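Notes follow the structure.
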Amino acid sequence: MTLESPPDDVTLYRQMLRIRRFEEKVLASFSSGIFYGTTHTYIGQEADAVGVLACHEEGDIVVSNHRCHGHFLAYGGSMHALAAELMGRATGVTGGRGGSQHVQWKDFYANGILGGTVPLAVGMALAEKSLNTGRVVFAFMGDGTLGEGVVYESLNMASLWSLPVLFVLENNRYAQTTPIQLHLAGEISDRFQAFAIPVAEAETVDVIEVFKLAQEAVVKVRTGEGPQALVLHTYRYGPHSKGDDTRDPEEVLKYRKRDPLQLQANRIDPDLCKRVEVEVETEVDEAFQRAQNDPLADPASLTLPLDPTP
Ligand SMILES: Cc1ncc(C[n+]2csc(CCOP(=O)(O)OP(=O)(O)O)c2C)c(N)n1
Ligand SMILES: [Mg+2]
């Protein structure tokens, strides 16, 4: 299996910009009351989702967490369906039932239970291996997820059974409001290496660098070398959720200056960048407007098929 070139610069820029503008609109609209439930935005981390998921193939599985919008859009999910999902509309990704954290479409699964996603990803990788499908599971998680014991049971099984899974650990340096130096002893990479899972690590906002690292790792997973881990040191520009931000504004500013979008824009003709910008803003506006006019989910559709009542 050979390594391939990354998607072209404009495609990568457009994908990151779609996430950025969508998420900015989500944050700006939240207090107007148009959404049901909560939200966690991905602003600042766009290079991770876009770089990593540029390596996914049809049929591969993506397991995401509470901060899933960027992963979903980079996977190829519909912006309108995501906006509608947040608004509880029948046209949403899961018919308006799941909200921001429980997005499921095709082979994409997101779940708000920290760490609970990791055994699910490993179980799916076991199924794919047993069925000899050649599919890879991409399992995204955050630094705070490393406090969950089930993660380590899952890493052990993934390694022992040589399962086709790529663990993507996005270290945005905070778990909710707790900085990593107050919640994590030792090194992140050691946690994977303790289970003989090879790790590639980068402190970068360069989508092409992320793509190259991810691709090398995915090729190994796909060719049967067993699980691999990618540790991506990043930063979220927005609050953990809507407004809960206790970080030092100086620190936020420092990281805002190394912007994955700006870095990618510098590789593109400015006029072309402007055109992409206008197209993406139109797409976001139309997605939100359409979603707001869609019918709300019918509460009757929430009945589980296994409802025990006669
Ligand atoms: C089992 C569990 N405990 C607590 C929470 C509440 N919670 C939601 S996100 C979060 C912090 C997550 O930090 P991290 O894994 O670093 O991801 P990030 O939010 O930084 O992307 C917490 C504690 C949860 N969703 N699930
Ligand atoms: Mg974090």
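The values are calculated or read from the model by the stated rules, or taken from the named source; none is laboratory data. Here the structure is a predicted model, which means the values were calculated and not measured. Using ideal geometry, Cβ is built from the backbone for each residue, glycine included, and neighbour counts are taken over all protein chains shown. Please note that ligands, DNA and RNA were not included when accessible areas were found on the heavy atoms of the full protein model with its side chains. Shrake-Rupley method; radii C 1.70, N 1.55, O 1.52, S 1.80 Å.
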*Take every DSSP beta bridge with both residues inside segment 9-291 and express the antiparallel ones as a percent of the total, to the nearest 5.*
15
*asked:* Which one, 154, 31, 241, has the greatest fluctuation when you compute a Gaussian network model over the chain with C-alpha springs under 10 angstrom?
replied: 31
*Return the carbon/sulfur percentage of the accessible area of segment 9-291, one whole number, probe 1.4 Å, all protein chains in place.*
50
*Work out, step by step, the length gained on full extension between residue 161 and residue 262: first 0.36 nm times the residue separation, then minus their alpha carbon distance; give nm to one decimal.*
32.2 nm
*Hey, rough spin-label estimate for residue 10 and residue 277, points 7 angstrom out along Cα→Cβ, what's it come to in nanometres?*
1.6
*Determine the gain in length on full extension of the stretch residue 178-residue 290; use 0.36 nm per residue of separation and subtract their C-alpha separation, reporting nm with one decimal.*
36.6 nm
_Residues in segment 16-39 reached by a label modelled at residue 302 [backbone nitrogen below 15 Å; 7 Å Cα→Cβ]_ = 36-38
*asked:* Below 9 angstrom from the Cβ of residue 3, what's the summed charge of the other residues (Lys, Arg +1; Asp, Glu -1)?
replied: -1
*Can you put 4, 58 in order of accessible area, largest first, using a 1.4 Å probe?*
58, 4
*Could you tally the net charge around residue 184, taking each other residue with its Cβ under 13 Å from the Cβ of residue 184, Lys/Arg +1 and Asp/Glu -1?*
-2
*What are the residues whose amide H is under 5 Å from the amide H of residue 296, where those residues sit 5 or more places off or on another chain and H is modelled from the backbone?*
90
*Restraint check, 25/257; 25/220; 25/106, Cα-Cα greater than 30 Å*: 25/220
_Going by average Cβ density within 10 Å per residue, which order do the peptides 171-179, 120-128 take, highest to lowest?_
120-128, 171-179
*Ignoring ligands, DNA and RNA, what accessible area per residue does the chain give at 1.4 Å, in Å²?*
44
*In percent, what relative contact order does segment 9-291 have, based on Cα pairs under 8 Å that are 6 or more apart in sequence?*
24
*Once label points are set 7 Å from the Cα along Cα→Cβ at both residue 3 and residue 130, what is their separation, rounded to one decimal in nm?*
3.5
